[in-house]
Structure formats: C-alpha cells, structure tokens
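Engineer: Right, I'll just put the structure down here and ask away after.
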Amino acid sequence: MVDTKRISAEFEAEADNRRRQDSEIALLELEIEQAWADLSPSGSSFDVLSHDGHLLDQTASLAALDPQVPIGSRRGLRGIKWAIRKLTYWYVRFLTDQFNLFSGVLIRHLRSLEARLGRLEAAAGLPIDQSVPAGWGILDDPPEPSAEVVAQVAGLAGSEPCLVLSAGQGALVEAIGDRGMRTYGVEQDPDRVFTGLSRRIDVRTGDGLAHLVGSEDGEFGTIVLTGMMENLPLKDLIGTINQASLKLKSAGRIIVAVADPASRNQVESELGSGLGISPMTWRHLLERAGFDARLEPCTDSRISLIVVAHRTASTPNDSEPRYP
C-alpha cells in the first residue's frame, strides 16, 4: 500500500524548502490563484473592467485559459497537486494553447464583424459611437519589429518580469528572455501567436489592454508597448498608460517602440486618422503620468525614436490616474 501521508509530507517539505530559497514562488502562487479567480465562471472579471467597457475586450479577457492550475493552500494535498501539475503541465499547456488560438481567431472575426456593422450603420445614417475613429479595424497591422528595434529594446529592458504588448510573433519576448529575464507577451492575432508558439516562445492570445487590467498591481518590472499600439485611438492609449502605471513595480520602466503616424503614406494617413500617436506625444503623456521619460534614437527606418520612461522611487504606483 502506498503511504500517501509520507509522500504528501515529502512533497510539502520540498515545497517549503523551495519557498524559502525563492521568495518569488509565493508571489507566483498568489498570481496563479488570482488568475484562476478572474477566469473562473464565478470570478469577477467583468467587475474589473468598467461597466461601460468594450464587450469584446471583456470577452477576450475571459476567453484565455491559464495552464497553471491552482493547487490551493491546504497542507498535504498541496504537495500532491503540485506534483500532478508538474507531470501534466506539458499536456495541459498543449490543450490551452489550442483553445486560446481558437478563441483568438473567434475574437478576431468578431472584431471584424463589429467594424463591418459599424460601416453599415454609418452608410445607413444610423447613429454610431463617434469616439471611435472610422478607420479602426481597417488599417493594416504594423509589421514585425526589425532586428535593430529588437536589439535596442532588449538592451533597454529593466528588471523582470517583463510584459510585451503586443508581442507579434515573439521576437522581442525571445530577445529579452535571452538576457535571463522572465518575459512573456500578449498578442491579438492568432496567426502570429501560432508562429511564436511553434518557436517555443511564450506568446499568449488575448487583448493587450484587457490583460493589463486583469494583472496584479505592481506585478511587472518592465512593460514594452509596441505593435498594435500604433493603431489604437487616443482614449485607449491613455487607458494603457494609466493601467501600465498601476501594474509596474515601484522602480519599473515603460518602453514604447512605435512608428510616428506622420511617417505614414497617404492611404495609411487617411485610414489611420485619429489612430496612434508620435513618440514625442508618448513622452509627453508619460511625463504627465509622473514618469521620467526620454527619447532614444534608433537606426530603424520605421521606428526612429524609442521612448524609455522610468518610474522614480518617489512616484507611487497606486496613485489615482491623471487622465479621465
């Protein structure tokens, strides 16, 4: 007969030993339990976002499965659950990746359908939300970052963990991770997520801003904003700055790698009217949010300036946002 009590005690002793060696483990356990609470049917994910938040953003935040199943806090069972989770993680991760890719495709088509309905309503003369630029959802997604941008952003990254929004195929996630930092990214395009996962890069499907809202306050040492940040309206960008300010550690930093909308060609300029802001405007908004921000020149043909914003020790991360 298997002595389950002895095995459980050994597991628990090993777990306690690892907690003493690495204080981050307890924080990660809390993070996993919070993520499960947010994603479970009885969770309060809808309460996290404002009552007038975008329904598709709420759907995207609920559609992502987390392979890190919580193991609870009950002594004895906790060690057994940890061992089972460790042994089955490869399989659970495979299943969640497949589901998250499917959810990403579904959300992408729903956003496309929403944009088409909005154009039909506009053509029929029906009232539409004038706060959303007409070109939203039509402008092509930004290309993957160049090798120059990837190398420079990776060199500018501060403390871990690092979050990349949006991650694309994962080049930035991989480069920052190669420096020994815990890094993952969130990407809305399922095709790019699939490419990243096929290269064993931690790119997760979902809406970037919704993921940021659902993260713990003070969770990240570095947040990289790039990719789809070029195609978002000002209201969403201000919301991203507010949320990033809350989610950074006390001495964290934000790195913004986006192209200047002024460099768009005629078609992109007309379709992208009201979408995206220049690096100089990013710096201005970050400074108003309490950061020390500077512009770093880059040799890339698209992204000529990279914004680096440091949180000073005197700037609290739990202060009220400066923007409505």
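Engineer: Go through 246, 237, 225 for me and flag whichever is closer than 22 Å to residue 274 by Cβ, in contact with a helix residue (DSSP H, G or I) (Cβ under 9 Å, 6 or more places away or on another chain) and touching a residue at least 60 places away in the same chain (Cβ under 8 Å). If you could, list the steps in order and put the result at the bottom.
Structural biologist: On the way: 246 fails: closer than 22 Å to residue 274 by Cβ; 237 fails: touching a residue at least 60 places away in the same chain (Cβ under 8 Å).
Answer to the selection: 225.
A quick yes/no check of all residues on (1) surrounded by fewer than 23 Cβ atoms within 10 Å (Cβ to Cβ); (2) over 29 Å from residue 99 (Cα atoms); (3) without any contact (Cβ under 8 Å) to a residue 60 or more places away in the chain:
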{"residue": "181", "(1), (2), (3)": "yes, no, yes"}
{"residue": "198", "(1), (2), (3)": "yes, no, yes"}
{"residue": "251", "(1), (2), (3)": "yes, yes, no"}
{"residue": "257", "(1), (2), (3)": "no, yes, no"}
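Engineer: How many of the residues making up the stretch 141-172 are crowded, with 18+ Cβ neighbours inside 10 Å and farther than 23 Å from residue 293 by Cβ?
Structural biologist: Count: 4.
Engineer: Restricting attention to the stretch 117-130, does a residue exist that is at pLDDT 75 or above, surrounded by fewer than 15 Cβ atoms within 10 Å (Cβ to Cβ) and under 28 Å from residue 265 (Cβ atoms)? Full working, then the answer.
Structural biologist: To start, the set of residues in the stretch 117-130 that are at pLDDT 75 or above comprises none.
Within the stretch 117-130, not a single residue is at pLDDT 75 or above, surrounded by fewer than 15 Cβ atoms within 10 Å (Cβ to Cβ) and under 28 Å from residue 265 (Cβ atoms).
Engineer: Moving on. Taking the conditions exactly as written (at pLDDT below 90, under 11 Å from the mean Cα position of the chain (by Cα) and assigned to a helix (DSSP H, G or I)), does residue 209 satisfy them or not?
Structural biologist: Numbers: at pLDDT below 90: yes; under 11 Å from the mean Cα position of the chain (by Cα): yes; assigned to a helix (DSSP H, G or I): yes.
Yes: the conditions hold for residue 209.
Engineer: Give the stretch 259-274 a look and list any residue that's of a type in the set (A, V, I, L, M), modelled with pLDDT under 90 and either surrounded by 14 or more Cβ atoms within 10 Å (Cβ to Cβ) or assigned to a loop (DSSP other than H, G, I, E, B) (or both), or say none.
Structural biologist: Passing the criteria: only 271.
Engineer: Follow-up. Going by what's in this entry, would residue 245 be described as assigned by TED's automatic domain parsing to the domain that holds residue 162, under 21 Å from residue 156 (Cβ atoms) and in a strand (DSSP E or B)? Before the answer, list the steps.
Structural biologist: On the way: assigned by TED's automatic domain parsing to the domain that holds residue 162: yes; under 21 Å from residue 156 (Cβ atoms): yes; in a strand (DSSP E or B): no.
The answer is no for residue 245.
Engineer: Among 222, 226, which is crowded, with 19+ Cβ neighbours inside 10 Å, among the polar types (S, T, N, Q) and touching a Lys or Arg at 6+ places or on another chain (Cβ under 6 Å)?
Structural biologist: Numbers: 226 fails: touching a Lys or Arg at 6+ places or on another chain (Cβ under 6 Å).
Matching residue, one of 222, 226: 222.
Engineer: Which one is surrounded by the fewest Cβ atoms within 10 Å (Cβ to Cβ), of the residues in the stretch 275-306 that are under 18 Å from residue 243 (Cα atoms) and basic (Lys, Arg)?
Structural biologist: The extreme case among them is 288.
The values are calculated or read from the model by the stated rules, or taken from the named source; none is laboratory data. All figures in this text were calculated on a predicted structure; none of them were measured in a lab. Don't worry about glycine lacking a Cβ; one is built from the backbone with ideal geometry, like all the others, and counts go over all protein chains shown.
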